[in-house]
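First the structure, in the form of structure tokens, and then the observations on it.
Read-outs: derived from the displayed coordinates by stated rules, not from any lab. Computed from a predicted structure; not experimentally measured. With ideal geometry, Cβ positions are generated from the backbone for all residues, glycine too; neighbour counts draw on all protein chains shown.
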Amino acid sequence: MKYKFPVHCPSCSKTLTVTELSCGNCDTRIVGNYTLPILMQLTAEDQEFILQFFLSSGSLKEMSVQTGKSYPTVRNRLDDMIAHIKELEQK
């Protein structure tokens, strides 16, 4: 079974932070309070959209063909994600 990396608190829905990193080889542990990278704060669906955008060489026209959605729909989705990422950067 493949587990999904949790990004939001199941109790209050706020973004989680990383508090410990460890090495599976030598058991070294680093403890602190680290913010998740912005791309990891996105939903799995948004991360998949970005991956497809990257794999299509940034061609929204190609993504439109691949997803079967209109170009304006894909463009609007990208614009919404850009706005959301800008909000995350300001936090």
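Of all residues in the range 4-55 being part of a loop (DSSP other than H, G, I, E, B) and in contact (Cβ under 8 Å) with a residue 40 or more places away in the chain, which is surrounded by the fewest Cβ atoms within 10 Å (Cβ to Cβ)?
Checking each candidate, the answer is 4.
Do you know which residues across the range 56-91 are over 20 Å from residue 35 (Cβ atoms) and not in a helix (DSSP H, G or I)?
56, 57, 58, 59, 68, 69, 70
Mind listing whichever residues of the range 1-60 are closer than 30 Å to residue 78 by Cα and among the β-branched types (Val, Ile, Thr)?
Passing the criteria: 7, 15, 17, 18, 35, 38, 43, 50.
Pairs needed: first member in the range 67-91, within 18 Å of residue 56 (Cβ to Cβ); second member anywhere, not in a helix (DSSP H, G or I) and not acidic (Asp, Glu); C-beta distance under 9 Å; at least 6 residues apart or different chains.
Note: pairs meeting the criteria are 77/69; 81/42.
Identify the residue in the range 67-76 that is touching a Leu at 6+ places or on another chain (Cβ under 9 Å) and not hydrophobic (A, V, I, L, M, F, W, C) and, among all such residues, is surrounded by the most Cβ atoms within 10 Å (Cβ to Cβ).
75
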